[in-house]
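Take a look at the structure set out below.
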Amino acid sequence: MFGCTAGALRGPAPIISRVTNLNRRRFLQLAGGTAATSLMSASIARAAEISPARRTGTIDDIEHVVVLMQENRSFDHYFGTLRGVRGYGDPRPVTLPGGKPVWYQSDGKRDILPFRPDADNLGLKFIQDLPHGWNDTHAAWNGGNYDKWVPAKGSTTMAYLTRDDIPFHYALADAFTVCDAYHCSFMGSTDPNRYYLWTGYTGNDGQGGGPVLGNDELGYSWTTYPERLEKAGVSWKIYQDIGDGLNAEGSWGWIEDAYRGNYGDNSLLYFNQYRTAKPGNPLYEKAVTGTNAKQGQGFFDLLAADVKTGKLPQVSWVVAPEAFTEHPNWPVNYGAWYLSQVLDALTADPAVWSKTALFITYDENDGFFDHVVPPYPVAGQSTVDTTGEIHVGSASHPAGVYGLGQRVPMLVVSPWSRGGWVCSETFDHTSIVRFLEKRFRVQEPNISPWRRAVCGDLTSAFDFRRTDRGVPELPDTACYVPPDNKRHPDYVPAVPAKQALPPQERGLRPARALAYDLGADAVVTGSALQVTFASRGGIGAGFHVTTPGATPQTFTVSAGRTLTGSLPAPPTGYDYTVHGPNGFYRHFAGAAAGVEVTAHHDRAGNVRVELLNRTTRPVRLTLENAYDNGRRSTRFLWPGARQTATFGSWSSHNWYDVTITSDHDPKFVRRLAGHVETGRPSTSDPATITA
């Protein structure tokens, strides 16, 4: 066991030893009548041990989808040090306009790197809440420059947690599947992100009261996805506590007592059709009812009862009270306790869990930094329509893209996702809707073409043909029961005097097979670098292009398409980097035209690099493979000659990183890195910098 032991949480005795009898009884009630110390450490074990109920070997074997969206944490903030994900050990991070890696965020006087706050029991600290609205998030993003996080959010933006701090979350990742390219949908606050979850957009077309850019909660009227499920005959339900009532008089479940209610996170309640629904109406019965902790009912009583009686709907959403949402300044591990109880309820009947998929994610990143620049659209630099994805601006909200927002944690917990996998396909909150579309054949027309091109449908996070049966070492969440029902002041961590980039845990992680087959090839033509971006596989991609001292550019290429962008290439030289999904990277530098390099992947796991000499004299090219211990080879090309160099990537789990230089131009560099998808599972990037 770990999680509540002295070895895992340094400092005072476990909190449960200091809970008063009154508070202990109160939380036993909230837990549904079971002892707070029982079953919590077994929740992951039970879920991991139950085998899937296979019938077809397809997504249709899933009969229940449960969505638990927590609050306001970024991926790096939680999982930047987790083994085998694209975290702090990213070997090829984005470069800021000033030339430094993205980790070096300046406050105007000094750089602040990611840091772990110097505090005991960090997972139970009330770490301060940070700005997380449209204006400050776009200021941090800074047109894609990504260099204003500290001025816009404060120094705590760079704070992160580790396995010692949040062992339950790490154990879930080790037992099931973690998505390290899952983004919130919107650069801003809670409600718009939740509208993407429940409706596919935030009223971007101006209909029904949109677009909604903040937590206005004024009353909206466009169609929600649960209404579409209802019309199609697909069962659904919201599991929540009613607080003082799920109406205007009860503040829609958001009340002064943070330990009950739903924190207003059931965003369906801000739609007029739910506000005006009466008892007997399906919208009322399924979205405006819940448990009543005020009268002593447990948070999980209704969910557990529906599981045990075979009444769990086909689609469910679980909404936590404020204190358990993980929203700063509430402690992360209050949320861990809540998550363990949801797992206990869902696994109470193994037959039900064997046909269930649980998505645990977070609505937005609060103000916490994440190092991966999200894909975003630019009109005219996309093979797919970007309508509805760019806000024209207003007096209160400057013009900018709606999203994607920053990465947030996503844990896929299901009998079909066991084994400690990482899935690195780009997703956002609309991906959950698209998973439901695929499973239940109910379409959501509000999702934009651009978003469908860039984001997947989450099916790649599952393997419906086989599963792993390992059971991890388990954390105990018993000591995470809150000691009181009070709000506490912010803990504001100090930036350490001595800073260093944090390492990741050692080791690889099995990686899900993806449908990416990406390319970016450059040719100098006159004073321009013509870069052809390609998505030859089954899913599209966004490409982020940077060069020192200039605003980044972005290009979106849908599946099966190419797009050529023209970038300045003055005689004094050019220097561009390209970042795409799952570690895709290209570096183009030089001053003279003449040598061309193109690259293609093949299904055997090889990278085939075509070398062409268009100069009027012989050239000698040097090729270096970073995944082959820096081994070098040379190629001599006469004028007009073409050669092919093949790099097998099987020994590096299909990862490659090849650099090509030339004697005809001392500035010439073509660096090609990424992952070759073969249709088979692989591993995380071996080049990840580890402890």
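A few points about this structure:
- Nitroxide proxy distance, nm - points 7 Å out along Cα→Cβ at Ala232 and Leu508: 3.8
- Projection of the Cα convex hull of the stretch 235-357, averaged over all directions and equal to a quarter of that hull's surface, yields 7.7 nm².
- In the complete set of protein chains, residue-level accessible area for Ile242 is approximately 40 Å², probe 1.4 angstrom.
- Computed helical MRE - 222 nm, the chain, DSSP H runs ≥ 4 contributing -39500 (n - 2.57), nearest 500: -4500 deg cm²/dmol
- Rounded to whole Å, sorted largest first: equivalent-ellipsoid semi-axes of the stretch 425-573, Cα gyration tensor: 39, 28, 18
- The listed peptides 130-140, 262-272, ordered by packing as a protection proxy, come out as 262-272, 130-140 (highest mean of other Cβ atoms within 10 Å first).
- If the convex hull is drawn through the Cα atoms of the stretch 283-341, its volume per residue in Å³: 110
- Averaging the Cα positions of each part gives two centres, and for the stretch 635-675 and the stretch 147-212 these lie 38 Å apart.
- Cross-link partners for Lys125 among the aspartates and glutamates, with Cα-Cα distance under 17 Å and sequence neighbours closer than 8 places in the same chain left out: Glu71, Asp164, Asp165, Glu322, Glu326, Asp366, Asp484, Asp490.
- Part-to-part distance (alpha-carbon centres) for the stretch 420-455 and the stretch 258-301, which is given in Å: 26
- Charge context of Asn613, other residues only, Cβ under 11 angstrom, K/R +1, D/E -1: +4
- Residues of the chain: accessible area per residue with a 1.4 Å probe, Å²: 34
- For the chain, the spherically averaged projection of the C-alpha convex hull amounts to 29.1 nm².
- With a Förster radius of 35 Å applied to the C-beta separation of Gln530 and Thr634, the computed FRET efficiency comes to 0.85.
- Cα→Cβ-extended label distance, 7 Å offset, between Thr644 and Arg110, nm: 5.5
- From phi via Karplus (6.51, -1.76, 1.60), per-residue ³J(HN,Hα) for the stretch 528-534 in Hz, x at Gly/Pro: 10, 9, 8, 10, 9, 8, 9
- Debye equation applied to the C-alpha atoms of the stretch 484-564, log10 I(q)/I(0) at 0.14, 0.17, 0.27 Å⁻¹: -0.79, -0.88, -1.24
- Antiparallel %, DSSP beta bridges [both residues in the chain], to 5: 75
- Over the stretch 286-424, all Cα pairs binned in 5 Å intervals from 0 give whole-percent P(r) values of 2, 7, 13, 16, 15, 14, 11, 10, 7, 4, 1, 0, listed from short to long.
- Formal net charge of residues neighbouring Glu256 (Cβ-Cβ distance under 11 Å; K, R +1; D, E -1): -1
- Nearest-0.05 FRET efficiency for Arg466 and His600, computed from C-beta distance (R0 22 Å): 0.15
- Cut-off 11 Å between beta-carbons: net charge of the residues surrounding Tyr284, Lys and Arg +1, Asp and Glu -1: +2
- Trypsin sites (Lys or Arg not before Pro) within the stretch 514-592: DSSP coil, no more than 16 neighbouring Cβ in 10 Å: Arg536
- 3J(HN,Hα) from dihedral phi, the stretch 676-690, Karplus parametrisation 6.51/-1.76/1.60, rounded to Hz, x for glycine, proline: 8, 8, 10, x, 10, x, 9, 9, 5, 5, x, 7, 3, 6, 10
- Within the chain: Cβ-based charge dipole about Cα centre, in debye rounded to nearest 20 (Lys, Arg +1; Asp, Glu -1): 1580
- Each peptide in 666-675, 642-651, 246-255 was scored by the mean count of other Cβ atoms within 10 Å over its residues; highest first, the order is 666-675, 246-255, 642-651.
- Helix runs (DSSP H) in the chain reaching 18 Å along axis by Cα, Kyte-Doolittle at least -0.5: 332-346
- Measuring between alpha carbons in the structure, the pairs from Lys294/Lys438; Lys278/Lys311; Lys286/Lys355; Lys237/Lys355; Lys237/Lys438; Lys153/Lys667 lying more than 27 angstrom apart are Lys294/Lys438; Lys153/Lys667.
- Computed from phi, the 3J(HN,Hα) profile of the stretch 568-576 under the Karplus parametrisation 6.51, -1.76, 1.60 (θ = phi - 60°) reads x, 9, x, x, 6, x, 9, 7, 10 Hz, with x in place of Gly and Pro.
- Extension gain, Ala248 to Thr387, is 46.6 nm, computed as 0.36 nm per intervening residue step minus the present C-alpha separation.
- With a cut-off of 18 Å on the backbone N, the residues of the stretch 506-545 near the modelled label site 7 Å out from Thr564 along Cα-Cβ are 519-536.
- Under 5 Å from the amide H of Ser382 lie the amide H atoms of Thr556, each residue being 5 or more positions distant or on a separate chain, with H modelled from the backbone and absent for Pro and chain starts.
- Our note on the geometry: Cα centres of the stretch 80-138 and the stretch 497-559, 20 Å apart.
- Ordering 48-56, 179-187 by mean Cβ neighbour count within 10 Å, with the highest value first, yields 179-187, 48-56.
The values are calculated or read from the model by the stated rules, or taken from the named source; none is laboratory data. Since the model is a prediction, treat every value here as computed from it, not as a measurement. Neighbour counts run over all protein chains shown; Cβ positions are idealised from the backbone, glycine included. Surface areas here come from the heavy atoms of the whole protein model, side chains and all, with no ligands, DNA or RNA. Shrake-Rupley method; radii C 1.70, N 1.55, O 1.52, S 1.80 Å.
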